[in-house]
1. More than 15 Å apart: what percent of Cα pairs in the chain qualify?
2. Residue farthest toward the positive end of the dipole of the chain, with Cβ of Lys/Arg at +1 and Asp/Glu at -1: which of PHE83, ASN46, ILE71?
3. Apply the Karplus parameterisation 6.51 cos²θ - 1.76 cosθ + 1.60, with θ equal to phi minus 60°, to every residue of the stretch 55-71 and state each ³J(HN,Hα) to the nearest whole Hz, in sequence, with x for glycine and proline.
4. Can you work out the accessible area per residue across the chain, with the rest of the protein chains kept in place, probe 1.4 Å, in square angstrom?
5. Return the sequence-ordered ³J(HN,Hα) values of the stretch 76-90 in whole Hz as given by the Karplus equation 6.51 cos²θ - 1.76 cosθ + 1.60 applied to θ = phi - 60°, using x for Gly and Pro.
6. Restricting to DSSP H runs of at least four residues, report the calculated mean residue ellipticity at 222 nm for the chain, -39500 (n - 2.57) per run over all residues, nearest 500 deg cm²/dmol.
7. With +1 assigned to the C-beta of every Lys and Arg and -1 to the C-beta of every Asp and Glu, and no other charges, what is the dipole magnitude of the chain about the Cα centre in debye, to the nearest 20?
8. Leaving out ligands, DNA and RNA, and with a 1.4 Å probe, what % of the accessible surface on the chain is carbon or sulfur?
Amino acid sequence: MSFDDTIDPFLMQLIIVPFTTIGLGVLLAVLTKKIFIGPLATLLLNLLYEVWYSLYYYPESELLLTPYNIIFPLISLVLSAMFVGGKRAKERSTSE
């Protein structure tokens, strides 16, 4: 029994994967202070999850990528811009 067998697929696909991939992407963007790192990290993490999932559960079928590979990075881009842009504006206002 693996870790994924104990978690409901609905919960995994709609809660855990989005929050993890988007959250880590935004966190990396904030830490590096570069907005484009967020969507890039989110895309890579989601692609890794989808490749792993399809190879683990459906090894005989071909790899099918979902529209989440566009949606999640867009959400990450908006959040990264808000957090990094807000942090930059706050640093500018405190230095003046």
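1. Details: 2923 of 4560 pairs.
The calculated P(r) of the chain puts 64 percent of pairs beyond 15 Å.
2. The listed residue farthest towards the positive side: PHE83.
3. 6, 6, 9, 9, x, 7, 9, 7, 6, 10, 8, 9, x, 4, 6, 9, 5
4. Working: 6690 Å² over 96 residues.
The answer is 70 Å² per residue.
5. 5, 4, 5, 5, 5, 5, 5, 6, 6, x, x, 5, 5, 5, 5
6. Details: 3 runs with 65 residues, N = 96.
One gets -23500 deg cm²/dmol as the mean residue ellipticity at 222 nm.
7. On the way: 6 positive and 8 negative charges, 173 e Å.
Magnitude of the dipole: close to 840 debye.
8. Reported share for carbon and sulfur atoms: 74 percent.
The values are calculated or read from the model by the stated rules, or taken from the named source; none is laboratory data. Computed from a predicted model, the values in this text were never measured in an experiment. Don't worry about glycine lacking a Cβ; one is built from the backbone with ideal geometry, like all the others, and counts go over all protein chains shown. Ligands, DNA and RNA are excluded from the accessible area calculation, which covers all protein heavy atoms including side chains. Shrake-Rupley method; radii C 1.70, N 1.55, O 1.52, S 1.80 Å.
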